Structure formats: C-alpha cells, structure tokens
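Student: Dropping a structure here in structure tokens format, bear with me for questions.
We did not get these values from a lab; they are worked out from the coordinates using the rules stated. Owing to the predicted nature of the structure, the values given are computational and were not obtained by experimental measurement. We place every Cβ from the backbone using ideal geometry, glycine too, and count neighbours over all the protein chains shown.
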Amino acid sequence: MAGRAPKSQIRGAPGPYRFGVLVARFHETISKRLLDGALDAFRRHGVPSDAVEVHWVPGSFELPQAALRLAQTRRFAALVCLGVVVKGQTPHFEHIAREAATGIREAAMGTGVPISFGLVTAVTEEQARERAGGAVGNRGEEAALAALEMAEWLAGLPRAGQRRGTGISRGARSGSRLR
C-alpha cells in the first residue's frame, strides 16, 4: 500500500470488546514500533489496556497459525497481525509475504473473526521503518483502526436468523412465514 490508509470510519468508543494483537519478533525493533502504533490507536479510541492481549510469535510465517488459534477461542472482537518482511537478496521474501497474507485471510474467513493485516513488506529496512512510525505512517496503527472499525461494523449487523432491531429470530415468532 502506497501512502497512508484512508481515514477511519469508527463512530465511537467500542463496546466491551477484547482485541488480540499478534506480533512477529523477526525485525523486532521495527515490529515493536508497529505494536506501539497499534496500542496507541486502541488507547485513543477508548479501549482499556486490559482489553488488549499482545502475543509474540517467532516470525511473520507463524502469524496465520497463531491468529487462527486465537480466533477459534471466540474471545476477541478482532485480531491484529503485525510483522515485517524485508526483501533481501533471495525469493524467500515473496514466499513468506504471500503465505502470511493468505494464511491470515483464511483464518479470518474460516472463523468470521476480523483479522487485520499489519504486515510491512518492504525492499529495505529503511522502507520498513518509514512504515512503522516514519514519514509514511504506522501500519500498526492502521491495522488496529481497521480491527476497531470491523468490530464495530460486525456488531451492527443482525445475527443469523434475526431481523435488524427486533432481537427475535424468525423461528421464534409464532405464525411467521418466509416470503
């Protein structure tokens, strides 16, 4: 993603939600800056610090498995995955970045829990630092804002079999017919 993310559409302070943040230790000094940005975004939007769990994993390749496991617990309104992959001189970069992105998407789609993608993929470490609180913004902050927005959006949808605003599932009302 070039440039900064679009302005967040978060309407207000989140409900009593819990959030999980998974952080890859590889390139830890940069990952820590991503984490700082995410935690700051949660704080600014009224999420209490005890409602955010931080989990460190070895690298970006491990983010999808950890995200899937945390999503399966159903304890979180959304998860945030943070990490850094720097190109270097071999194709290893492409494999790690692609597998991390695919795995994170599959974990979100398979569980229904929003999992935001705060993985910085850069050609150089300097580019990565610019995306972790430098001139290009902080992808950790942006990923936390995406998680907040998705948690709010999903909370506003009716549950399966429920009409918006009624609080009563279709099958629970006597004489109701599907049209």
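Student: Find the centroid of the Cα atoms in region 20-65 and in region 102-116, then give the distance between the two in whole Å.
Tutor: 17 Å
Student: On to the next question. Can you tell me the FRET efficiency between H55 and E99 if r is taken as the Cβ-Cβ distance and R0 is 22 Å, rounded to the nearest 0.05? Intermediate results must be reported in sequence, preceding the final value.
Tutor: Values: r = 19 Å, r/R0 = 0.86.
Once rounded, the FRET efficiency stands at 0.70.
Student: Separate question: Quick one: order L154, L82 by neighbouring beta-carbon count within 10 Å, fewest to most. Let's see the in-between values first.
Tutor: Numbers: L154 13, L82 31.
So the residues, fewest neighbours to most, are L154, L82.
Student: Take every Cα pair under 8 Å in region 53-133 that's 6+ residues apart, average their separations, divide by the length, and report that relative contact order as a whole percent. Write down the numbers at each step before the final one.
Tutor: Working: 110 pairs, mean separation 30.4, N = 81.
Averaging sequence separation for qualifying contacts and normalising by length gives 37 percent for region 53-133.
Student: Could you give the C-alpha radius of gyration of region 19-172 expressed as a fraction of 2.2 N^0.38 Å, taking N as the number of residues it contains?
Tutor: Scaled against compact globular proteins, the figure is 1.12.
Student: Tell me which trypsin sites (Lys or Arg not before Pro) from region 63-155 have a DSSP coil assignment and no more than 15 other beta carbons within 10 Å of their own.
Tutor: Working: sites: R69, R74, R75, K87, R98, R105, R129, R131, R139; in loops: R74, R75, K87, R131.
For trypsin sites (Lys or Arg not before Pro) across region 63-155 that sit outside H, G, I, E and B with at most 15 neighbouring Cβ atoms in 10 Å, the list reads R74, R75.
Student: Now, a different point. Listing R18, R44 from the residue with the fewest other Cβ atoms within 10 Å to the one with the most, what is the order? Before the final figure, lay out the partial values.
Tutor: Numbers: R18 17, R44 13.
In increasing order of surrounding Cβ atoms, one gets R44, R18.
Student: When S31, S49 are ordered from fewest to most other Cβ atoms inside 10 Å of their Cβ, what list results?
Tutor: Values: S31 25, S49 8.
With the sparsest Cβ surroundings first, the list reads S49, S31.
Student: Assigning unit charges at the beta carbon (Lys, Arg +1; Asp, Glu -1) and nothing else, what dipole magnitude in debye, to the nearest 20, does region 19-172 show about its Cα centre?
Tutor: 660 debye
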